[in-house]
Each structure stands twice: as structure tokens, then as C-alpha cells.
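The values are calculated or read from the model by the stated rules, or taken from the named source; none is laboratory data. It should be emphasised that the depicted structure is a prediction, and the values quoted were computed from it without experimental measurement. Here the Cβ positions follow ideal geometry from the backbone for every residue, glycine too, while neighbour counts run over all protein chains shown.
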């Protein structure tokens, strides 16, 4: 039986470029070489695609870009090619692919853009399709759809950053009227807690909006929730399955970028310190939201369990969660008895079944 040809894409034109490299290193290490021939393609911060044949350590630390064996490449949208074009100085080589694993976080990776290219190419790929990727990436759109589906979430509002420059007083009045402080100001299209600020008063809004606007032109403001922050891993297509629920004991004021990917000082509790019936409620909502938003392959669904009344509030859906050594998604499945290698086998199988 011939090995399956799998391409792992990493890096990307995104503020989450570094996280992607680390996640991709995990994926490359865990892919079973008895089943797959692995092709790694790095995308630099300025958008160059390079066919990379070095080790995963260099991927993680960023030195991969200096590898002298890197060769420019492109993913062909031509369905007859069904793969990569490796652009050597004196000739072009075609690598026909069976499946692509886009380990790309944030903009230009999990927002539907890469997924659209992959759908054009006709190559099966791990994860959600273009529409659900775009919907789940945009927090304002996600909030609106969850609200329509009557899935509970924190109170929120959103606006365009350029409108804030001319109508800041009006927007501030709406925030003060609709939301209780503290609030969280977020870019609508960014992940890994990039660009997020906790705001305790109206006076702090200007700086928070300015910070978020560096990541996206659409801003979401959400009411802060006091309670447990928990996450549930989901995988599958038409009939998804959900893991148990993990709880985050954040070391900072909120579970920020450094906690998620750098210092790892937050403590993860798997399973969460919640009654079994609450865990089952969260798992059911996670699968419902996953299905309603058209997710395929995998996603991590994040929640708050409000301290004062125990209400479960959906926070966001991450269609390409982190795959680092301290990431919740693989840890949740590990708790369920699914090894990293088996997890990737299943995700690839779901990709081929779409």
C-alpha cells in the first residue's frame, strides 16, 4: 500500500505566524511516517511560499527561512495538478497531494482565504470549509448567528474602527448603556487573544480600540464574565463528537497570548472542576454550535460558566485551534485516550470524507 501524500502548511501572513510554526512542528512530529509522506510548506510573513525539507525544530524557532535548500513553490488551483508546483531554477516539479493540513492560525490562514484556495484546487484538506471558517473567525458574525440560534453568550456590541474616529462619543454612550464594566475590547478577526484589552472604565476605551484596530477594522466589545473559563474539543463532520471539558486557571487577568503559547503558566484542569451535568450541558452546546455554524473536521469551542448563576455562555469557536505542547485541543483528546498520532489520523480521515 502506497503512502498518502500529505502537505503541512505553516507560518502565514498573520500576527499568529509564530504560533503556527510551533503548532505545525507538533503536527509534523506526530504524523505517522508509516502511513504518510509529509511535505512541509512554509509561508513567510511577507507571503512567500517555500518548500521546506528541514527539521521541525527549525520550524518552531524560525530559522527554517534561512535553510539553503528551500525552494519557492505554489499551490496550484488547477484541479488536474492536484498539488504543489515546486519552482526550481531550471525546472518545475509537480507534487501530487492526497490531503493538505493547513496549520495556519489567524488571518490568511483560518479565515476562509486559504480554505477557498484549497477548495478551488480540489485537494481534500483538514478543517472547516471556507464559509464556516470565515464565519467563525469574525466574532461579530459569530455573535449574530449564535444570537439567532438562541445560544447564550455574553452581552456585546460591535462597530467599525473608522466610525469610532468620528463618532466615539455615540459609541461610548451605547457601550455604557448596554454593557456593564469591565468589558473586553477585541478585534473581530483575530485569534490567540491578539489585540484584546480588558477595559475597566470608559476612559480606557480609546487606547483599547486603537490596539484592536491594529489587527482588524471591525471591533467587538463584550461584557466581562466572572466565572470559569472552559473549552471543549469537537471533531467530525455530520455527526461530530465532543471531548470532555477542560478548565483554564489563567495566571493573568484573562487567558492571553503569553499564557496560551509562551509561558504556559496557566493551569489546565481536565476534566473541568464542574458537576457532571454541567459538563454534559457544555458538550451538547458545543456540538450544536459546531453543527449550526457548518463546521467540519475540528474546532475548539470556548465557554464561560458564570459564577453568580451557573449559566453557560459560549465565548467563541476556533476552527484551527493550537497544536502546541501546552494546547488544550490535543490535551483534551489525550484525556479521552486519543493519542496525538491517532488524532491526526482521524482528522485526515474526516478531510477525505468531505
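Give the stretch 259-275 a look and list any residue that's modelled with pLDDT of 65 or more and assigned to a loop (DSSP other than H, G, I, E, B), or say none.
Here is the first cut: in the stretch 259-275, the residues modelled with pLDDT of 65 or more are 266-275.
Once the filter is applied, which keeps residues that are modelled with pLDDT of 65 or more and assigned to a loop (DSSP other than H, G, I, E, B), the stretch 259-275 yields 266, 270, 271, 272, 273, 274, 275.
When 285, 279 are screened for being outside any strand (DSSP E or B), modelled with pLDDT of 95 or more and over 20 Å from the mean Cα position of the chain (by Cα), only 279 passes. For the stretch 66-107, filtering for residues that are surrounded by fewer than 17 Cβ atoms within 10 Å (Cβ to Cβ) and closer than 18 Å to residue 17 by Cβ leaves 2. Within the stretch 189-215, being in contact (Cβ under 8 Å) with a residue 60 or more places away in the chain and touching a strand residue (DSSP E or B) at 6+ places or on another chain (Cβ under 8 Å) holds for 189, 191, 194, 195, 196, 215. With the structure loaded, tell me whether residue 15 is at pLDDT below 95, outside the structural domain of residue 325 (by TED's automatic domain parsing) and under 14 Å from the mean Cα position of the chain (by Cα) or whether it fails that test. Spelling it out, residue 15 is indeed at pLDDT below 95, outside the structural domain of residue 325 (by TED's automatic domain parsing) and under 14 Å from the mean Cα position of the chain (by Cα). Assessment of the stretch 299-315 against the conditions (buried (at least 17 other Cβ atoms within 10 Å of the Cβ), modelled with pLDDT of 95 or more and part of a helix (DSSP H, G or I)) yields no matching residue.
Within the stretch 37-51, the set of residues being over 23 Å from the mean Cα position of the chain (by Cα) and either crowded, with 20+ Cβ neighbours inside 10 Å or farther than 24 Å from residue 98 by Cα (or both) comprises 51 only. Residues in the stretch 87-99: is at least one within 24 Å of the chain's Cα centre (by Cα), part of a loop (DSSP other than H, G, I, E, B) and at pLDDT 95 or above? Yes; the residues of the stretch 87-99 include at least one that is within 24 Å of the chain's Cα centre (by Cα), part of a loop (DSSP other than H, G, I, E, B) and at pLDDT 95 or above.
Matching residues to (1) under 22 Å from residue 86 (Cα atoms); (2) part of a strand (DSSP E or B); (3) at pLDDT 95 or above:
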residue: 24; (1), (2), (3): yes, no, yes
residue: 32; (1), (2), (3): no, no, yes
residue: 39; (1), (2), (3): yes, yes, yes
residue: 51; (1), (2), (3): yes, yes, yes
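The helices (runs of 4 or more DSSP H) found entirely in the stretch 108-226 that carry 3 or more residues being buried (at least 20 other Cβ atoms within 10 Å of the Cβ) and under 15 Å from the mean Cα position of the chain (by Cα) are 130-137.
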